[in-house]
């Protein structure tokens, strides 16, 4: 029995499924980012007080809120993408098919239809 993905019949195998999964990810990340930012606007919240202690200030300035929101949202986004990878095996299409670390514009724009995909490597 395979453990991952947890849901086999809803993978991004069509444009519609890929768009739906991406919309779910975007919506979750956006909703959590907004909620985290709203918590930073409430001076009495534990989240606000935690970041006051981190920055060692009496009140958070707009730059503190911006940096905190960016860091928090980036971490949340990474966790959501990892979660969706384990649930739906989502994100494999974002992998590069170019061999090596150095690529140029010609390699990026050339036709790759001649590449044969193996399991985990390009043959």
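The values are calculated or read from the model by the stated rules, or taken from the named source; none is laboratory data. Bear in mind that the values here come from a model prediction, so they are computed numbers and not experimental data. Heads up, the Cβs are rebuilt from the backbone with ideal geometry, glycines too, and the neighbour counts pull from every protein chain shown.
Table for the structure above
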quantity: Candidate set: segment 19-35, residues that are surrounded by 15 or more Cβ atoms within 10 Å (Cβ to Cβ) and at pLDDT 95 or above; chosen: the one nearest to residue 89 (Cα to Cα); calculated: 25
quantity: Residues (surrounded by fewer than 17 Cβ atoms within 10 Å (Cβ to Cβ) and either free of Cβ contacts under 8 Å to residues at least 12 places away in the same chain or under 14 Å from residue 51 (Cβ atoms) (or both)) located in segment 70-84; calculated: 70, 71, 74, 75, 78, 79, 82, 83
quantity: Condition check for residue 66: at pLDDT 95 or above and under 27 Å from residue 18 (Cβ atoms); calculated: no
quantity: Tally of residues being surrounded by fewer than 13 Cβ atoms within 10 Å (Cβ to Cβ), over 13 Å from residue 66 (Cα atoms) and touching a helix residue (DSSP H, G or I) at 6+ places or on another chain (Cβ under 9 Å) across segment 36-54; calculated: 4
